[in-house]
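Undergrad: Before I ask anything, let me first share the structure, which is written out below as structure tokens.
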Amino acid sequence: MIPDFGPSIFSTMTAWAQEHGALNLAQGFPEFGPNPELVAAFQDALRTESAQYAPMAGLPALREAIADDQLRRNGLAYQGDREVTVVPGATLGIFAAMQALVQPGDEVVLLEPAYDSYRPAVLAAGGIPVGVQLRHTPEGFEVDWDALAARLSPRTRAILVNTPHNPTGMLWDHGDWQRLAALLADATLVLSDEVYETMIFGGRSLSSPHHLPELRSRSLRFISFGKTYHATGWKLGAVLAPEALTNALRNLYQFAAFSASTPTQHAVHRFLKAQPDYALALPSFFAAKREVLAASLAGSGFRVVPSRGSYFFVVDYSEVSEANDRDLALQLTHEAGVACIPLSPFFANPPKDWRFLRLCFAKEDRTLSEAGQRLTSWASR
């Protein structure tokens, strides 16, 4: 049995935001809805398509469309029937992969701060989470390669990487994957959570373990249409993996959920075909929102740490408070009217000297500006 983790920090902070009427920059959901054409495709699918189970691995046409999209945007070729599995959200995909591939006593490396669903997924499989803390620099966050090398062992079964990274906005590049490949034993798996793969800033492009032949055969990628299409409540994602790993995943997944929502799959398939370049506009869209929030915090004492991807950045609050991050997050919700996420829940053993909070900028510009003004006013009190 896994420990009783209690309510997630996201549920806690959203409840606090609602109780105090605060602006919710905590939970990572967009304040705006999906493209109207996607909504229309969903409504049409409700009227015209089957309301029954889709095939376990996903609609064949959608899997082929996903493969086409990955080849077009990321230069990665997949066989839709054998290497693409549609799942009801990347979180379930990661959980299913962990149960399918990790045995009791296996070690799984988590780069901390690590998204809060990772550790329970490892524990539920009987695995042992091994945390390796990221290094903070003035330019952002990076892997501490010496620390990572020291934590690898003959029992290391897998490493779970998140790029672009939630919560820090860190981005892996080709050199990072090369260094990882050089460190890992041949049998070690790589699980790459890439749910923000369409939100990469500064003209950079996605670098994935599937871009390296030496990692391709032992890596799984997890992507999210809920994130890309501003429809997190639709819970639709996909797992991209070589055939042997796909078969292992599906063997477990068929008993966990069997299939994802049929009308949602039809809608996403239609939208992918109708607007194949939709995702190409997301980097500039979210980069502009990142700058709105960052500009509103200028001079506040909340120092923005550069984010290279996702729709989050973290702020260093050491100039404005000595409180621990959880206490300050609750204080800001109540006193400033802005809810944000402390980073300590993303660690098994939180570092005592970290003073960071995560803010979500997938909000309307007026919300971002108002949140920045409230935090600035609070800091200058």
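The values are calculated or read from the model by the stated rules, or taken from the named source; none is laboratory data. Quantities reported herein were computed from a predicted structural model and do not represent experimental measurements. Every residue, glycine among them, receives a Cβ derived from its backbone with ideal geometry; neighbour counts consider all protein chains shown.
Undergrad: On the given criteria, is S321 in a helix (DSSP H, G or I) and surrounded by fewer than 23 Cβ atoms within 10 Å (Cβ to Cβ)?
TA: Numbers: in a helix (DSSP H, G or I): no; surrounded by fewer than 23 Cβ atoms within 10 Å (Cβ to Cβ): yes.
It is false that S321 is in a helix (DSSP H, G or I) and surrounded by fewer than 23 Cβ atoms within 10 Å (Cβ to Cβ).
Undergrad: Take segment 158-188 and flag every residue that is of a type in the set (A, V, I, L, M), part of a helix (DSSP H, G or I) and in contact (Cβ under 8 Å) with a residue 12 or more places away in the chain.
TA: L180, A181, L183
Undergrad: Can you tell me which of (1) within 30 Å of F5 (Cβ to Cβ); (2) assigned to a helix (DSSP H, G or I); (3) assigned by TED's automatic domain parsing to the domain that holds H20 is the one T264 doesn't meet?
TA: (3)
Undergrad: Continuing with the same structure: Is there a residue in segment 275-292 that is among the acidic types (D, E), assigned to a helix (DSSP H, G or I) and in the same structural domain as P30 (by TED's automatic domain parsing)? Can you show your working first?
TA: Looking only at segment 275-292, we keep the residues that are among the acidic types (D, E), and these are 277, 291.
Remaining after also requiring assigned to a helix (DSSP H, G or I): 291.
Next, only the ones that are in the same structural domain as P30 (by TED's automatic domain parsing) stay: 291.
Looking through segment 275-292, at least one residue is among the acidic types (D, E), assigned to a helix (DSSP H, G or I) and in the same structural domain as P30 (by TED's automatic domain parsing).
Undergrad: Name the residues in segment 29-78 that are within 24 Å of the chain's Cα centre (by Cα), exposed (fewer than 14 other Cβ atoms within 10 Å of the Cβ) and of a type outside the set (A, V, I, L, M), would you?
TA: Within segment 29-78, F32, G33, R72, G75 qualify.
Undergrad: Could you pull out the residue among D365, D353 that is in contact (Cβ under 8 Å) with a residue 60 or more places away in the chain, among the charged types (D, E, K, R) and surrounded by fewer than 21 Cβ atoms within 10 Å (Cβ to Cβ)? It would help to see each step written out before you state the result.
TA: Working: D353 fails: in contact (Cβ under 8 Å) with a residue 60 or more places away in the chain.
When all the criteria are applied, what remains is D365.
Undergrad: Quick one: which residue in P88, P3 is more than 22 Å from the chain's Cα centre (by Cα) and of a type outside the set (S, T, N, Q)? So that I can check it myself, show each step before the final result.
TA: Working: P88 fails: more than 22 Å from the chain's Cα centre (by Cα).
Being more than 22 Å from the chain's Cα centre (by Cα) and of a type outside the set (S, T, N, Q) holds for just one of P88, P3, which is P3.
Undergrad: Evaluate segment 294-317: report whether one residue or more is modelled with pLDDT under 95, in contact with a His (Cβ under 8 Å, 6 or more places away or on another chain) and farther than 30 Å from E49 by Cα.
TA: No, every residue in segment 294-317 fails to be modelled with pLDDT under 95, in contact with a His (Cβ under 8 Å, 6 or more places away or on another chain) and farther than 30 Å from E49 by Cα.
Undergrad: Report, by residue number, each residue of segment 5-27 that is touching a residue at least 60 places away in the same chain (Cβ under 8 Å), among the aliphatic types (A, V, I, L, M) and part of a helix (DSSP H, G or I). Walk me through how you get there before you give the answer.
TA: Step one: filter segment 5-27 for residues touching a residue at least 60 places away in the same chain (Cβ under 8 Å), giving 5, 8-10, 13-14, 16-17, 20-27.
Those still in the list that are among the aliphatic types (A, V, I, L, M) too: 9, 13, 17, 22-23, 25-26.
Listed by number, the residues that qualify are I9, M13, A17.
Undergrad: Kindly indicate whether any position in segment 95-112 is of a type outside the set (D, E), exposed (fewer than 15 other Cβ atoms within 10 Å of the Cβ) and touching a Lys or Arg at 6+ places or on another chain (Cβ under 9 Å). Walk me through how you get there before you give the answer.
TA: Going residue by residue through segment 95-112, those that are of a type outside the set (D, E) are 95-105, 108-111.
Filter once more, so that each one left must be exposed (fewer than 15 other Cβ atoms within 10 Å of the Cβ): 103-105.
If we keep only those that are touching a Lys or Arg at 6+ places or on another chain (Cβ under 9 Å) as well, we get 103, 105.
Yes, segment 95-112 has at least one match.
Undergrad: Restricting segment 131-158 to residues that are among the β-branched types (V, I, T) and touching a Leu at 6+ places or on another chain (Cβ under 7 Å), which is nearest to F361 (Cα to Cα)? It would help to see each step written out before you state the result.
TA: The initial filter retains those residues of segment 131-158 that are among the β-branched types (V, I, T), namely 132, 137, 143, 156.
Checking which are touching a Leu at 6+ places or on another chain (Cβ under 7 Å) leaves us with 132, 143.
Numbers: V132: 27, V143: 24 Å.
Per the criteria, the residue is V143.
Undergrad: Given the conditions (1) under 24 Å from H230 (Cα atoms); (2) in a helix (DSSP H, G or I), which single one is not true for K363?
TA: (2)
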